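For reference, the structure is listed below as structure tokens.
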Amino acid sequence: MTITAFITHRDCWQHDMGSHHPECPDRLGAINDRLIASGLDLYLQFHDAPLAHEDQLLRVHPRGYIERIHSRSPAHGIVHLDPDTAMSPGTLQAALRSAGAGCLATDLVMRGEAHNAFCAIRPPGHHAERAKAMGFCFFNNIAVAARHALEAWGLSRVAIVDFDVHHGNGTEEIFAGDPRVLMAGIFQHPFYPYCGTENPAPNMCNVPLPAGTRGDEFRQVVSDIWLPRLREFQPEMIFISAGFDAHYEDDMASLGLVEADYAWVTTQIKQVAGEFGKGRIVSLLEGGYALSAMARSVVAHIKVLADL
Ligand SMILES: [Zn+2]
């Protein structure tokens with residue numbers, strides 16, 4: 001039986017950027033509700049996300065940046081770090097839990113206590129650069145998790161697959177030129193953060209898609225470009241920046257994926273992980289702002305991970 005760990009924490013609900021902000025605590029509520037409604041909760045191994053240790057963050061972010069995030073944390077109200085990225089009193093704890101979740105997920109999978117893991121966390125991470133918070137992100141959760149696999153567990157090749165509708169510019173900035181990491185990304189272009197069409201290093205496999213792209217074209221690109229690169233790289237573990245904002249129902253962007261496409265791409269990734277990495281997958285929630293569509297897509301994604 002496949003064991004899929006599900007890692008989250010109540011602290012992740014306490015990060016609140018204001019009542020009209022799309023990256024809202026209700027996102028996690030929608031996932032919980034849908035997990036229960038689908039009966040999937042009975043099959044998962046639940047864990048509370050620990051706080052990331054400073055030495056885990058320091059593998060990605062400079063000390064001065066980590067200190068700056070701590071020092072900007074407000075006791076009351078909201079402090080903006082960029083026009084759409086703000087800290088409330090609960091943000092720092094939530095951000096530390098989100099980065100810690102990926103490290104715990106990596107430990108569980110590397111120790112063989114789970115075959116794979118999904119982290120239902122917020123704030124997301126893939127726009128956060130080494131020393132810059134942006135795009136709703138503070139610490140780059142997936143980068144912290146991938147470095148944990150490389151440094152703490154001694155892996156020599158990990159892949160990061162990013163199917164969020166936005167380009168993972170932070171992950172790219174952190175890993176461009178690091179031959180131990182292959183990053184495969186798909187994103188709408190031109191669109192926020194308005195970069196990524198040029199691969200800055202040979203370990204980046206960026207595939208921009210025009211607005212209006214639907215599932216069949218997405219699958220073609222994954223089959224033609226991602227999968228051969230991943231198989232050539234032979235990753236010992238795969239990390240997924242699992243954003244669900246490319247969903248047809250998500251108004252933030254204009255791609256047309258549906259639940260079946262997320263299930264399909266998860267199946268493909270799982271197959272590669274099975275060939276080269278003992279099936280090891282750690283998936284971290286990134287975007288996804290149409291609550292129902294995002295939660296249904298998360299369930300479709302986890303069902304494949306859990307072989308259900
Ligand atoms: Zn996104």
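Those strands (runs of 3 or more DSSP E) of region 30-104 that lie entirely within it include none in which at least 2 residues are at pLDDT below 95 and surrounded by 13 or more Cβ atoms within 10 Å (Cβ to Cβ). Note on region 261-308: residues that are within 16 Å of the ligand (Cβ to nearest atom) and either assigned to a strand (DSSP E or B) or of a type outside the set (Gly, Ala, Ser) (or both) amount to 12. Only residues that are of a type outside the set (Phe, Trp, Tyr) and more than 27 Å from ARG157 (Cβ to Cβ) were counted in region 269-302, giving 12.
Output the number of residues of region 150-182 satisfying the condition of being part of a helix (DSSP H, G or I) and farther than 28 Å from SER73 by Cβ. Of the residues in that region, 1 qualify.
Scanning region 275-300 for residues that are surrounded by fewer than 24 Cβ atoms within 10 Å (Cβ to Cβ), farther than 17 Å from PRO25 by Cβ and not β-branched (Val, Ile, Thr) turns up GLU275, PHE276, GLY277, LYS278, GLY279, ALA293, ARG296, ALA300. Among the residues making up region 91-133, those that are over 13 Å from the mean Cα position of the chain (by Cα) and either within 16 Å of the ligand (Cβ to nearest atom) or of a type in the set (Asp, Glu) (or both) are ASP107, GLU113, GLU129, ALA133.
Scanning region 214-254 for residues that are away from the ligand (no atom under 16 Å from the Cβ), in a helix (DSSP H, G or I) and not charged (D, E, K, R) returns GLY215, GLN220, VAL221, VAL222, SER223, ILE225, TRP226, LEU227, PRO228, LEU230, PHE233.
The values are calculated or read from the model by the stated rules, or taken from the named source; none is laboratory data. None of these values were measured; they are calculated from a predicted model. Glycine also receives a Cβ, built like all others from the backbone with ideal geometry; neighbour counts cover every protein chain displayed.
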